[in-house]
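Down below is the structure, laid out as structure tokens.
Quick note: the coordinates plus some simple rules give every number you see, no bench work behind them. This one's a predicted model, so the numbers in the text were calculated from it and none came from an experiment. For neighbour counting, all protein chains shown are included, and Cβ atoms are generated from backbone atoms with ideal geometry for every residue, glycine included.
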Amino acid sequence: MGMDEKYPAGNPGMPLIPPRRGLSPGRFLLAVAYLVVVGFIYCFFQQNPNHPLHSHTAHHHAAQQPSAPETVIKMVEPSVRRGLVPLEAHIMSKCPDAKDCLRDLVLPVMQKTLDKVNFTLSFIGRPTEHDDGVACKHGAEECLGNIIELCAQSLYPDPKTYLGFVMCLTKDYRHIPQRGLIEDCALEHAIDFDKLNECATKDDGAYGMGMLRSSVRRTSAAGVTKSCTVRLNEEIYCVRDNGQWKECPHGSSVNDLVIAIEKLYHRRA
Ligand SMILES: *[C@@H]1O[C@H](CO)[C@@H](O)[C@H](O)[C@H]1NC(C)=O
């Protein structure tokens with residue numbers, strides 16, 4: 001799925017989170033609370049250039065561009081020290097290509113190479129300069145889905161947990177970010193829904209948006225524009241686009257990627 005097509009400005013209304021099961025009073029209260037939360041996030045990155053956290057975030061950006069050269073940072077990077085092979089998937093949470101890519105390649109490969117790779121899940125989007133937000137191809141709901149997945153990654157860094165959770169959401173990507181789906185997947189993967197919610201709403205959503213902005217910056221710095229792009233050892237390994245594998249000179253099968261990882265791992269060790 002390419003990034004070149006126009007990004008929608010976001011949906012006019014607030015994302016709807018219809019309850020999945022019977023509507024008990026408790027459930028209704030939770031749903032209302034969630035809507036408020038989503039509303040906050042939505043407002044934050046859609047239309048709030050004068051948000052009180054604006055200056056804070058702007059300051060943060062300035063602090064992120066010090067004179068320290070990239071190479072210095074690279075030298076102390078733990079993945080290099082430990083000899084783990086960097087593997088990365090760049091996705092959009094509501095993209096069907098992400099589903100195929102995670103299900104058919106990334107997850108089965110991770111099952112076989114868990115102790116040899118340092119896996120990172122990154123997101124594709126466009127930072128918006130006027131409000132410190134991010135524009136997502138499938139609108140505000142996708143941005144929120146991306147933030148929830150980034151929160152899961154930061155709270156549960158073990159890929160067995162957060163990748164399982166992300167796969168669970170992605171299988172049902174059309175319903176991202178409905179509360180029922182997130183709750184079900186959290187339960188299935190032993191993720192604390194309240195912690196996720198806390199992360200996604202921290203500082204009125206500025207915290208999660210900051211993570212999403214760093215993630216989309218990381219993606220564009222890598223020259224990646226398509227969901228899903230798999231990068232191995234910091235180079236593009238394979239792209240899943242429009243239901244097909246593309247740009248996969250070393251093969252798009254699970255075995256091809258496992259072999260490539262093992263080669264790199266033994267070279268590093
Ligand atoms: C894994 O890679 C990320 C960058 O994607 C880096 O920030 C992190 O320190 C690495 N972790 C380990 C344990 O190698």
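What separates the Cα centres of segment 91-139 and segment 226-269 is a distance of 14 Å.
Extension gain, residue 246 to residue 118: 0.36 nm times the residue separation minus the Cα-Cα distance gives 43.7 nm.
Between residue 117 and 85, the built amide H atoms are under 5 Å apart, and every one of these is 5 or more places off in sequence or on another chain. Sparsely packed loop sites in segment 191-269 (the GluC sites (Glu not before Pro) outside DSSP H, G, I, E and B with at most 14 other Cβ atoms within 10 Å) comprise 234, 247. Legend: residue pairs 137/171; 94/195; 112/202; 112/137, Cα-Cα distance threshold 30 Å; pairs beyond threshold, 112/202; 112/137.
You can think of it this way: the chain between residue 111 and residue 253 has 49.7 nm of extra reach, that is 0.36 nm per residue less the Cα-Cα gap. Taking the average, over residues, of other Cβ atoms within 10 Å as the packing measure, peptides 101-107, 151-157, 187-193 rank 101-107, 151-157, 187-193 from highest down. The HN-Hα couplings worked out from phi for segment 187-192 by the Karplus form 6.51 cos²θ - 1.76 cosθ + 1.60 (θ = phi - 60°) are 4, 4, 10, 6, 9, 7 Hz, whole numbers, x standing for Gly and Pro. Rounded to the nearest whole Hz, the Karplus-based 3J(HN,Hα) values (6.51 cos²θ - 1.76 cosθ + 1.60, θ = phi - 60°) of segment 174-180 follow the sequence 5, 8, 5, x, 4, 4, x, with x at glycine and proline. Qualifying GluC sites (Glu not before Pro) in segment 96-163, where qualification requires a DSSP coil assignment and no more than 16 other C-beta atoms within 10 Å, comprise 129.
The label-point distance for residue 217 and residue 263, in a model that sets each label 7 Å from Cα toward Cβ, rounds to 3.4 nm.
In this structure the amide hydrogen of residue 133, modeled in the peptide plane, comes within under 5 Å of the amide hydrogens of 128, none closer than 5 places in sequence on its chain.
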